[in-house]
Amino acid sequence: MLLTNVRIATMINGYGLIENGSVLTQHGMIEWVGPANVTPAAKAIHDCGGKLLTPGLIDCHTHLVYGGNRAHEFEMRLNGVAYADIAKAGGGIMSTVRATRETSEAELLKSALKRLDSILAEGITTIEIKSGYGLDVETELKMLRVARKLAMLRPVDVKTTFLGAHTFPPEFKENHNEYLDLVCNRALSKAAAEGLVDAVDAFCEGIAFSVDETESVFKAAKSLNIPIKLHAEQLSNLGGAKLAARYGAMSVDHIEYLDREGVESIAASGTVAVLLPGAYYYLREKQAPPVAELRQHKVPIAVATDLNPGSSPVHSILTTMNMACVLFGLTPEEALLGATANAARALGLADRGTIAVGQRADLALWDVERPGDLSYPLGFNPLKAVIRNGQAARGQLP
Ligand code: NIG
Ligand code: FE
């Protein structure tokens, strides 16, 4: 397939724009990319009329599979109750855990598909989905199986992350070690043995797992050779990012309270900083992540929806990119890198996120003039078509 007369944001060194270019795909891969006037011959030629081509977008942090509904907590928060207090009173994550345990696998799949369809309408070709609303062996595995099934039902790659260490369920409130044993020695090993785990994550926070408790989860992941990520420094600075860096984490996520030392350690470990402006927005946080210091230390920055039923019911990567610009001061170029090249890196995927020879042919065609147009409007979707694995997957190719 040849796409020609197209403006290409290769996302190599920033936008990496090729003004009037073409891209040739073969066997699901990018075979050639360059200026349109020296285009090689091809069977199927699509003249894109000067539209913009980007890599397929990547949402590298979501909790898309869950049961129940927490809109009433939004009401509570706006009536003055804090997110952490709702959690302490058994709401928050635990409210979704109760609902997810009670929901059948078929029902979970059905509700997740609706959310996935909404998010795919904005050119997503790879999405990460976490467990973490089960907090028992059976329900954690149920969530991960649903995540895997989604990839069979829609044209999208799903990377699964085991988040058994999301919070302590009430039955283990007084016995953290026993719950850690369940997470590390029963749930994670079983899920991994069934091929359901691409990465391991934890929520390191005062209302969740301490740094030491998080480390025991990382040790279990390491013994199974599974890469790690971490929800770190979201509501306070516990030093979780530093620990994650020591374990060579692929990413640390949220990081509003990350300090200079934390930035230095993730810079040294090559860990991606994943910004989640949706949660910051919904929780009406005051402290923004240390973007200037991340830049200064050349830490790769990704942005993700954090799609979840509580702190970030956000189903739009384009909105998220806009929020990253308006709320955190990212440039539109950084925001697009955050949903392409750096999002791929946050998932440990070297074969996507840029438009280059040898990369997977996961591409999105947009009816816009400039790449910056993708982060600018709110609630406007200019997607024209998606190609995934070199096949037309959505919309109409010209
Ligand atoms: O990424 N921070 C922890 N976990 C999720 C929110 C979970 C919830 O509120 O359901 C997050 O924001
Ligand atoms: Fe999250």
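The values are calculated or read from the model by the stated rules, or taken from the named source; none is laboratory data. None of the values given here were measured: they were computed from a predicted structure. Because the Cβ atoms are built from the backbone with ideal geometry, glycine has one as well, and the counts that use them run over all protein chains shown.
Only one entry in A106, A71, A112, A87 is farther than 30 Å from P55 by Cα and either in contact with a strand residue (DSSP E or B) (Cβ under 6 Å, 6 or more places away or on another chain) or buried (at least 17 other Cβ atoms within 10 Å of the Cβ) (or both), namely A87. Screening segment 251-262 for residues that are within 20 Å of the chain's Cα centre (by Cα) and surrounded by 24 or more Cβ atoms within 10 Å (Cβ to Cβ) and picking the one that is farthest from ligand 2 (Cβ to nearest atom) gives L258. Of everything in segment 3-17 that is within 27 Å of the chain's Cα centre (by Cα) and surrounded by 19 or more Cβ atoms within 10 Å (Cβ to Cβ), the residue that is farthest from L363 (Cα to Cα) is Y15. Scoring I301 on the criteria (1) of a type in the set (A, V, I, L, M); (2) within 16 Å of ligand 2 (Cβ to nearest atom); (3) in contact with a Gly (Cβ under 8 Å, 6 or more places away or on another chain); (4) under 24 Å from M11 (Cβ atoms) leaves a single failure, condition (2).
For segment 331-372, the set of residues classified as among the β-branched types (V, I, T) and under 23 Å from N389 (Cβ atoms) consists of T340, T354, I355, V357, listed by residue number. When restricted to residues that are within 16 Å of ligand 1 (Cβ to nearest atom) and assigned to a strand (DSSP E or B), segment 296-317 contains 2. Against the numbered list (1) closer than 21 Å to L230 by Cα; (2) assigned to a strand (DSSP E or B); (3) more than 16 Å from ligand 1 (Cβ to nearest atom), A344 comes up short only at (2).
For segment 193-213, a residue qualifies if it is within 19 Å of Y133 (Cβ to Cβ) and more than 16 Å from ligand 1 (Cβ to nearest atom), and the qualifying residues are E194, L196, V197, D198.
Looking only at segment 353-373, residues that are under 18 Å from the mean Cα position of the chain (by Cα) and either in a helix (DSSP H, G or I) or surrounded by fewer than 24 Cβ atoms within 10 Å (Cβ to Cβ) (or both) come to 1 in all. Scanning for something acidic (D, E), surrounded by fewer than 24 Cβ atoms within 10 Å (Cβ to Cβ) and within 14 Å of ligand 2 (Cβ to nearest atom), does segment 196-205 turn up at least one residue? Scanning segment 196-205, I find at least one residue that is acidic (D, E), surrounded by fewer than 24 Cβ atoms within 10 Å (Cβ to Cβ) and within 14 Å of ligand 2 (Cβ to nearest atom), so the answer is yes. Is it the case, given these coordinates, that A112 is among the small types (G, A, S), over 30 Å from P398 (Cβ atoms), in contact with a helix residue (DSSP H, G or I) (Cβ under 9 Å, 6 or more places away or on another chain) and part of a helix (DSSP H, G or I)? Criteria met by A112. Of all residues in segment 69-108, those that are in contact (Cβ under 8 Å) with a residue 60 or more places away in the chain, in contact with a Phe, Trp or Tyr (Cβ under 9 Å, 6 or more places away or on another chain) and more than 10 Å from ligand 1 (Cβ to nearest atom) total 2.
For segment 266-286, the set of residues classified as free of Cβ contacts under 8 Å to residues at least 60 places away in the same chain and either assigned to a strand (DSSP E or B) or buried (at least 21 other Cβ atoms within 10 Å of the Cβ) (or both) consists of I266, T271, A273, P277, G278, A279, Y280, listed by residue number.
Within segment 69-86, the presence of a residue that is of a type in the set (V, I, T) and assigned to a strand (DSSP E or B) is excluded. When E261, E333, E293 are checked against the criterion of being acidic (D, E), in contact with a helix residue (DSSP H, G or I) (Cβ under 6 Å, 6 or more places away or on another chain), more than 16 Å from ligand 1 (Cβ to nearest atom) and modelled with pLDDT of 95 or more, E293 stands alone in meeting it. Restricting G91, G21 to residues that are at negative phi, more than 22 Å from the chain's Cα centre (by Cα) and outside any strand (DSSP E or B) narrows the list to G91. Sub-6 Å Cβ pairs linking a first residue in segment 162-177 that is in contact (Cβ under 8 Å) with a residue 24 or more places away in the chain to a second residue that is within 16 Å of ligand 1 (Cβ to nearest atom) and basic (K, R), at least 6 apart or interchain, are L163/K130, ordered by first then second residue.
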